[in-house]
Amino acid sequence: MSWLANSKAWARGIKRDVHALYLSARDPRTPWHAKAVAAAVAAYALSPIDLIPDFIPILGYLDDIVIVPLGILLAIRLIPEEIMAEHRATAAAAAQRPVSRAAAAAIIGLWSLTVALLCLWAWRRMG
């Protein structure tokens, strides 16, 4: 198997695990501490805003290559195996379906609202 095929398989596994973490964070059988870590990792991985901007040479991709996978590993260790296996299967099946444009619009809208509220707050503070 070539390095390109390996990297594509690794990326598909990361995508599946992020979706499984999202599902696990919403599952009532998941312990609260695992829910918190899973929700934080899934939100960060799915967010268009990075801790380290991608335009910074080398360091920009550090979060995508190191921080997100380490967060996923931590969250997976905290979630009971049977719950994670169930949600991995659900996430793998969902990967075969079309992408939700409504979810993308909701995330963009949420971030836009957050930025607008922060700007309004800063404007009122300065005035």
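The values are calculated or read from the model by the stated rules, or taken from the named source; none is laboratory data. Predicted, not measured: the structure shown is a model, and the values here were computed from it. Positions of Cβ are backbone-derived with ideal geometry, glycine not excepted, and every protein chain shown enters the neighbour counts. Surface areas here come from the heavy atoms of the whole protein model, side chains and all, with no ligands, DNA or RNA. Shrake-Rupley method; radii C 1.70, N 1.55, O 1.52, S 1.80 Å.
For region 84-107, the candidate set comprises residues that are without any contact (Cβ under 8 Å) to a residue 40 or more places away in the chain and of a type in the set (Lys, Arg); within that set, the residue that is least open to solvent (accessible area, probe 1.4 Å) is ARG97. Summed over region 52-83, residues that are open to solvent by less than 40 Å² (accessible area, probe 1.4 Å) and closer than 15 Å to HIS33 by Cβ total 6. Identification of helices (runs of 4 or more DSSP H) wholly contained in region 1-108 with 3 or more residues that are of a type in the set (Val, Ile, Thr) yields 68-78. Of all residues in region 110-119, none satisfies being in a loop (DSSP other than H, G, I, E, B) and at pLDDT 95 or above.
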